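Student: Please find one structure pasted underneath; my questions will follow.
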Amino acid sequence: MTTPTASAKILCVANQKGGVAKTTTAVSLGAGLALLGKAVLLVDCDSQANATSGVGLDPAALDRHLYHVLEGSAAPEEAIRPTEVQGLDILPANVDLVGIEMELAGRPGRETVLREALRPILGYEIVILDTPPSLGLLTVNALAAAHSVFIPLQCEYYALEGLSQLVNTIRLVKHNFNPRLYIEGILLTMFDARTRLTTQVNDEVRAHFRELVYETTIPRNVRLSESPSHGKPIFLYDPASRGAQSYLAAAREFLDRQRRPR
Ligand code: ADP
Ligand code: MG
């Protein structure tokens, strides 16, 4: 059963730090939600195209991708591909996307190009936007297109400082382009409860952001780090791994939270 975009929920996975598991979270949460029966579209908004290759597509071999959609020479449907996970499709990217920020730079409405491009897409219940490690125009476009922001956070020094920059950007986008944008949740990734640093960051983030922080945490798991090089979401690569189990738990928690009042 699929529903039209009018009711599709659009999530932007964002954190301007690189290597905090944005892409891993976008792919794994998307695949997890698809396994739980949802019709999910993953949109790769990063020129590094890690989400694209992470679901098994060769970015260099694509003839249509997000660049064409943003530039206006292709409809999203022309670029969207199915993945090996039933229920999970992708609007892929490749390195051409590097040029789009320059191309859009002088254009009026440049911050809302992605939102306009996604508007006509039908048939998905959840759309997940994976973003680059910066707060540049592509991330702003993703924030402007989304209903909510999903923040993966690695438990390390300065995690909270980085978070306050992101919260400021969210506030700006909210004020200028997307008044109803809200924070969906914060997911602690590469979590190692044996280290004091993890415990400290965990306590601080929960004290500050309270119920926005997911009860589910994602452990450091070598299978999660191996799966992208095989072009397979974790549920196809190693469904029994702790990585797969924890992302499935995060997907369940996400769905549970949709039923609660905010
Ligand atoms: P980002 O998109 O924020 O730059 P990635 O999702 O690409 O981050 O993750 C950065 C690196 O860490 C990748 O090599 C990824 O495979 C690895 N990684 C992500 N999450 C985990 C985890 N829970 N355990 C081990 N490695 C992880
Ligand atoms: Mg990434």
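The values are calculated or read from the model by the stated rules, or taken from the named source; none is laboratory data. If you're wondering where the values come from, they're calculated on a predicted model, not measured in any experiment. So basically every Cβ, Gly included, is an ideal-geometry build from the backbone, and we count neighbours across all protein chains shown.
Student: Take the range 76-113 and flag every residue that is among the hydrophobic types (A, V, I, L, M, F, W, C), closer than 24 Å to residue 31 by Cα and either touching a strand residue (DSSP E or B) at 6+ places or on another chain (Cβ under 8 Å) or modelled with pLDDT under 95 (or both).
Tutor: 79, 80, 88, 90, 91, 93
Student: Determine which single condition residue 194 fails, assuming it passes every other condition in (1) surrounded by fewer than 15 Cβ atoms within 10 Å (Cβ to Cβ); (2) part of a helix (DSSP H, G or I).
Tutor: Of the numbered conditions (1) surrounded by fewer than 15 Cβ atoms within 10 Å (Cβ to Cβ); (2) part of a helix (DSSP H, G or I), the odd one out for residue 194 is (2).
Student: Taking the range 216-244, which residues are part of a helix (DSSP H, G or I) and surrounded by 15 or more Cβ atoms within 10 Å (Cβ to Cβ)?
Tutor: Selection gives 223, 224, 226, 227, 228, 234, 235, 236, 237, 242, 243, 244.
Student: Given the residues 37, 19, which is the only one that is within 14 Å of ligand 1 (Cβ to nearest atom), farther than 18 Å from residue 101 by Cβ and part of a loop (DSSP other than H, G, I, E, B)?
Tutor: Only one candidate passes the filter, namely 19.
Student: Right, another one. Out of all the residues in the range 44-66, which are in a loop (DSSP other than H, G, I, E, B) and within 12 Å of ligand 1 (Cβ to nearest atom)?
Tutor: Within the range 44-66, 45, 46, 48, 49 meet the criteria.
Student: Shifting gears a bit: Could you please find all residues in the range 118-158 being touching a strand residue (DSSP E or B) at 6+ places or on another chain (Cβ under 7 Å) and free of Cβ contacts under 8 Å to residues at least 60 places away in the same chain?
Tutor: Result: 155, single match.
Student: Consider the range 6-29. How many of its residues are within 20 Å of residue 191 (Cβ to Cβ) and not charged (D, E, K, R)?
Tutor: Within the range 6-29, residues that are within 20 Å of residue 191 (Cβ to Cβ) and not charged (D, E, K, R) number 14.
Student: Residue 160: under 18 Å from residue 19 (Cβ atoms) and either over 15 Å from the mean Cα position of the chain (by Cα) or not aliphatic (A, V, I, L, M) (or both), yes or no?
Tutor: For residue 160, the condition - under 18 Å from residue 19 (Cβ atoms) and either over 15 Å from the mean Cα position of the chain (by Cα) or not aliphatic (A, V, I, L, M) (or both) - is met.
Student: Turning to a different aspect of this structure: Give me a count of the residues in the range 112-152 that are more than 16 Å from ligand 1 (Cβ to nearest atom) and of a type in the set (S, T, N, Q).
Tutor: 3
Student: So which pairs qualify, if the first residue must be in the range 191-204 and closer than 23 Å to residue 224 by Cβ, the second must be among the β-branched types (Val, Ile, Thr) and part of a helix (DSSP H, G or I), the Cβ gap must be under 9 Å, and the two must be at least 6 apart or on different chains?
Tutor: Hits for this filter: 191/198; 192/198; 193/199.
Student: Could you figure out which of (1) at pLDDT below 95; (2) surrounded by 20 or more Cβ atoms within 10 Å (Cβ to Cβ); (3) of a type in the set (A, V, I, L, M, F, W, C) isn't true of residue 146?
Tutor: (1)
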